[in-house]
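Okay, so here's the structure we're looking at.
The values are calculated or read from the model by the stated rules, or taken from the named source; none is laboratory data. This is a predicted model, so every value here is computed, not measured. Cβ coordinates were reconstructed from backbone atoms using ideal geometry, including for glycine residues, and neighbour counts include every protein chain displayed. Heads up: the accessible areas ignore ligands, DNA and RNA and are worked out on the full protein's heavy atoms, side chains in. Shrake-Rupley method; radii C 1.70, N 1.55, O 1.52, S 1.80 Å.
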Amino acid sequence: MQFEWDEAKNLANIRSHRIDFKEAFFENATLRIPANQAGSVIQLETEVLEWYRSQSADYKTLIRSVLRRHMEENRTQQAG
């Protein structure tokens, strides 16, 4: 991912936070997800996520219902 740096803002960040937010910062950064959310994090392809968002403002519920329906249908097929 490429960013265009505003040097004046970067210098203000260094003064305020003592962090230089240039690419080196992000190359060494670690994504931290709260433990109570870590079990429910999934990666979706951009195209898939955009499609669900276009279908409903409540797209997260829609995704969960599709996944549940798939699970229940396959559970029935496996049992039979």
Contour minus end-to-end for residue 37 and residue 5, with contour as 0.36 nm per residue of separation and end-to-end as the Cα-Cα distance?
-> 8.3 nm
Calculate the dipole size of the range 1-45 relative to its Cα centre from +1 charges on Lys and Arg beta carbons and -1 charges on Asp and Glu beta carbons; express the result in debye to the nearest 20.
-> 320 debye
In Å², nearest 10: area of residue 9 left accessible to a 1.4 Å probe | 140 Å²
Using a simple charge model, +1 on the beta-carbon of Lys and Arg, -1 on the beta-carbon of Asp and Glu, nothing else, what dipole does the chain show about its Cα centre, in debye to the nearest 20?
-> 480 debye
Note on the chain: the mean projected area of its alpha-carbon convex hull, in nm², is 9.2 nm²
In the chain, carbon and sulfur make up what percent of the accessible area (probe 1.4 Å)?
-> 51 percent
Residue-normalised accessible area of the chain, given per residue in Å² at a 1.4 Å probe = 96 Å²
With 0.36 nm assigned to each residue of separation and the Cα-Cα distance removed, residue 28 to residue 49 gains 4.8 nm
